[in-house]
2 protein chains.
Amino acid sequence: MEPLELFRQVATRTDSKIVVLIMDGLGGAPGPEGRSELEVAHTPHLDQLASRSNCGLADPVIKGVTPGSGPGHLAIFGYDPLVWEIGRGVLEALGTGFELEPDDVAARGNFVTLDERGNIVDRRAGRIPHQEGERLCQLLQEHITEIDGVRVFVRVSKEYRFVLVLRGEGLGADVEDSDPQRVGVSPKLVKGRDEASERTAAVVNKFVTLAGEILRNERPANGVVLRGFAKRPAMPTFQELYQLRPAAIATYPMYRGLARLAGMEIIQTPPEEDLEGLVGLLRAHYDAHDYFYVHVKKTDSHGEDGNFQGKVNVIEQVDRIIIPALLDLKPDVLAITGDHSTPCMLASHSWHPVPYLLHAKTLTPDGLAGFNEREFARGSLGRFRLVEGMGLLLAHAGKLIKYGA
Amino acid sequence: MEPLELFRQVATRTDSKIVVLIMDGLGGAPGPEGRSELEVAHTPHLDQLASRSNCGLADPVIKGVTPGSGPGHLAIFGYDPLVWEIGRGVLEALGTGFELEPDDVAARGNFVTLDERGNIVDRRAGRIPHQEGERLCQLLQEHITEIDGVRVFVRVSKEYRFVLVLRGEGLGADVEDSDPQRVGVSPKLVKGRDEASERTAAVVNKFVTLAGEILRNERPANGVVLRGFAKRPAMPTFQELYQLRPAAIATYPMYRGLARLAGMEIIQTPPEEDLEGLVGLLRAHYDAHDYFYVHVKKTDSHGEDGNFQGKVNVIEQVDRIIIPALLDLKPDVLAITGDHSTPCMLASHSWHPVPYLLHAKTLTPDGLAGFNEREFARGSLGRFRLVEGMGLLLAHAGKLIKYGA
């Protein structure tokens, strides 16, 4: 039996509350002085909490694999990222805040520069600024809203990147890229690999032609290419699987989108991340839900920039602002982890396991000396796959009945 | 998605170097004084390295299963031994140094003693000496080179044991044993379980008859039985899966053969194992490859003999001769482990997990006090399946791009 099916069988509704705090890109690696970001950061509240919790190190996908935000979050939500895949187009759509319906087909688009023969000379259209990309998307959207009975949505994601969403009956997503991934050739006519995807391909090819006509007099962005056609994975929701009433508090659209895939209610946030604001929202909505996913982005942003001190500062802010307020709410179960590691030494996502802290009344504390990778390596949760954490949250919240007689 | 498919998607070629040192049968169990071979051995270099590395204990197959050399090595190379099986005949062929082609069918043979009615009276032909087995194999090979258009190879493996390899088109390997596994009965005529294997069976039965005629006047080895018919597993190579240019430095034929299954280039070694020689070969070929599998056999040999002090001595020699030279080469990633444990107290392979050490710049060291089972039980790698190690090697060498957006 698949773990998800098992949870579906034994999950039960209770009033107890679970809070999962995700510090994006939480895990690190030794910095200039041989200590990681978490080791350098002054985190009295997290350290004290670690001593009273169960801790461990979790691999988001499998050992050695560096996950994108999609696979990392699926694992936190209990969906095995080796089973459930999120296509490039879907993630791009989630990132724009677009609310994908189950049968929508999404693709990632690039504006490109074409020469007079229609061959690509710049695959990123000179990296046009975001505002220009936004203007061009609006231009396309004004002229193209429907093709052959299929609704067409065009949304800018960032600079020269946009997302195309097709909504209509019987559309398949097994469609080849139109992006040839090189210059000197023309964008490819796309083909579907089955009948439903052929229907999608026909619409896509018409869209590309129409877009070329509309952008004819634009420079440098006078063409489009598309890739990563996908539908959202048909995941069962938290309600169906776990009998939960989940809510997401996340500032950035992509994370709200990932939460929506799992069936979470999305709580409205201000456009800029604000740690006090996140806690305030949690407090304000605390009675209405029994599972809260709270997302802090800035740990990852500084990691990606290789800004060691910046990441340390955000960790300290979380310790000072979020942790005491969280503990004041006295959730029955509190987990603190990341969707992946982002060590400043690599300035990118990495394969390093993420620290995982689990706090509840029903556990024997590990008594560790601090909240960091080195201490957590000695924690009682050991080294585990991140997807396994969901069962512990539910169990310590008293939400799983006995399996088998 | 299977992990191997995931690696195939995200593996990328880089100049970084991975060295994997296998001490065959590395792990042990408490000896007379309650300490294991690794605990008794004086290993200053390994101890120092352990303090600066990530360590753990790895189960070669699954907990409790004692692996042969085949499954243990497949796991080290990243092929799950529950998925990829190496038949008895194939392993026997690899052990003789025979270079199996993909469609060859190999079987393990025994010389036996038959009475005047053709019934087996000794399944090992009085354990004839190796030279005698070699002479008889040459005799058979002189008289039998082809049967029904199928090429026939006969190679001695050890004493009364030999390997039979059949090379021809359309041969199946789903063939029953001719070895009845008891005395007092005649060798069985073999049958194939499908059409292609029926073709093989017909050739095998003719071979057994011909061998009986050729050996008619020999004593005690006047007959043959065959078992373990198999083809080599159709494993994708390191090149295909991991984008590596791998090389193997191993003195014993079976380990070279296992490495060849994974697509490794086999570096020529002297016939006798010599630790300084192994390191010299590594140094000499260091520029031409990016993955090195270095195999030390003697740890296992002494373990199999139950020779505690002998195994301790080999471990100390590795510590003194190999480890400093390895570190001098400054590989980007260094792993030290075994293909299985061989505790002297059992004088055989065992199910005990193997110590696993991983050294790279991109990790937070565990700070353990020594290189042994007891210390490694507290390492950050935890307890894991040996097959999972491959991902860590690739990741710390920077050879895996991000999975999922």
Query - Matching option when the condition is outside the structural domain of B:F292 (by TED's automatic domain parsing), hydrophobic (A, V, I, L, M, F, W, C), under 24 Å from B:V294 (Cα atoms) and surrounded by fewer than 23 Cβ atoms within 10 Å (Cβ to Cβ), among B:F153, B:F98 - result: B:F98
Query raised in the report: Within segment A:109-132, restricting attention to residues that are touching a residue at least 60 places away in the same chain (Cβ under 8 Å) and outside any strand (DSSP E or B), which residue is surrounded by the fewest Cβ atoms within 10 Å (Cβ to Cβ)?
Result: A:R117
Query - Filter result (under 24 Å from A:A360 (Cβ atoms) and among the small types (G, A, S)) within segment A:30-55 - result: A:A50, A:S51, A:S53
Query raised in the report: Condition test on B:A405, is it at pLDDT below 95, under 28 Å from B:V10 (Cα atoms) and either crowded, with 19+ Cβ neighbours inside 10 Å or facing chain A (nearest Cβ under 10 Å) (or both)?
Result: yes
Requested in this report: Identify all residues within segment A:70-84 that are crowded, with 24+ Cβ neighbours inside 10 Å, more than 7 Å from chain B (Cβ to nearest Cβ) and among the small types (G, A, S); write none if there are none.
Outcome: A:G72, A:A75
Report task. Just one of (1) in a loop (DSSP other than H, G, I, E, B); (2) assigned by TED's automatic domain parsing to the domain that holds A:D179 trips up A:A211, so point out which. Result -> (1)
Query raised in the report: without any contact (Cβ under 8 Å) to a residue 12 or more places away in the chain and away from chain B (no Cβ under 14 Å): does that describe A:Q309?
Result: yes
Query raised in the report: For segment A:326-355, how many residues are assigned to a loop (DSSP other than H, G, I, E, B) and either within 13 Å of chain B (Cβ to nearest Cβ) or without any contact (Cβ under 8 Å) to a residue 40 or more places away in the chain (or both)?
Result: 14
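Looking at A:A93, is it part of a strand (DSSP E or B), buried (at least 23 other Cβ atoms within 10 Å of the Cβ) and more than 9 Å from chain B (Cβ to nearest Cβ)?
So A:A93 fails the test.
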Report task. Take the residues in segment A:23-55 that are buried (at least 24 other Cβ atoms within 10 Å of the Cβ) and in contact with a Pro (Cβ under 8 Å, 6 or more places away or on another chain), then tell me which one is farthest from the other protein chains (Cβ to nearest Cβ). Result -> A:S53
Report summary line: Considering segment B:370-399, residues that are among the small types (G, A, S), within 13 Å of chain A (Cβ to nearest Cβ) and over 24 Å from the mean Cα position of the chain (by Cα), and then whichever is farthest from B:C55 (Cα to Cα), we arrive at B:G398
Report summary line: The residue from B:R232, B:R227 that alone is part of a loop (DSSP other than H, G, I, E, B) and either within 30 Å of B:D300 (Cα to Cα) or of a type in the set (K, R) (or both) is B:R232
Report summary line: Considering residues that are within 18 Å of A:V204 (Cα to Cα) and among the aliphatic types (A, V, I, L, M), the number found within segment A:121-144 is 4
**Report entry** Odd one out for B:T12, checked against (1) touching a Lys or Arg at 6+ places or on another chain (Cβ under 7 Å); (2) surrounded by 17 or more Cβ atoms within 10 Å (Cβ to Cβ)
**Finding:** (2)
Query raised in the report: Within segment B:133-153, how many residues turn out to be in a helix (DSSP H, G or I) and of a type in the set (K, R)?
Result: 1
Query raised in the report: For segment A:358-370, does any single residue satisfy the condition of being touching a strand residue (DSSP E or B) at 6+ places or on another chain (Cβ under 6 Å), within 26 Å of B:K399 (Cα to Cα) and in contact (Cβ under 8 Å) with a residue 60 or more places away in the chain?
Result: no
Query - Hey, A:I62 facing another protein chain (nearest Cβ under 9 Å), of a type in the set (V, I, T) and touching a residue at least 24 places away in the same chain (Cβ under 8 Å) or not - result: yes
Requested in this report: Kindly provide the set of residues from segment B:278-294 that are within 19 Å of B:Y242 (Cβ to Cβ) and in contact with a helix residue (DSSP H, G or I) (Cβ under 8 Å, 6 or more places away or on another chain), ordered by number.
Outcome: B:Y291, B:F292, B:Y293, B:V294
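A quick yes/no check of all residues on (1) assigned by TED's automatic domain parsing to the domain that holds A:L281; (2) within 19 Å of A:V156 (Cα to Cα); (3) surrounded by fewer than 23 Cβ atoms within 10 Å (Cβ to Cβ); (4) touching a residue at least 60 places away in the same chain (Cβ under 8 Å):
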position	(1), (2), (3), (4)
A:V175	no, no, no, yes
A:R182	no, no, yes, yes
A:E198	no, no, yes, no
A:A202	no, no, yes, no
A:L226	no, yes, no, yes
A:E240	yes, no, yes, yes
Report task. Scan segment B:276-288 for residues that are touching a residue at least 60 places away in the same chain (Cβ under 8 Å) and surrounded by fewer than 21 Cβ atoms within 10 Å (Cβ to Cβ) and jot them down. Result -> B:Y286
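Take the residues in segment A:134-150 that are free of Cβ contacts under 8 Å to residues at least 60 places away in the same chain and surrounded by 19 or more Cβ atoms within 10 Å (Cβ to Cβ); name whichever of them is nearest to A:G223 (Cα to Cα).
Here is the first cut: in segment A:134-150, the residues free of Cβ contacts under 8 Å to residues at least 60 places away in the same chain are A:134-135, A:137-138, A:141-142, A:145-146, A:148-150.
Filter once more, keeping what is surrounded by 19 or more Cβ atoms within 10 Å (Cβ to Cβ): A:137, A:150.
Numbers: A:C137: 12, A:V150: 21 Å.
Step by step, filter segment A:134-150, then rank; the result is A:C137.
The values are calculated or read from the model by the stated rules, or taken from the named source; none is laboratory data. Bear in mind that the values here come from a model prediction, so they are computed numbers and not experimental data. Cβ coordinates were reconstructed from backbone atoms using ideal geometry, including for glycine residues, and neighbour counts include every protein chain displayed.
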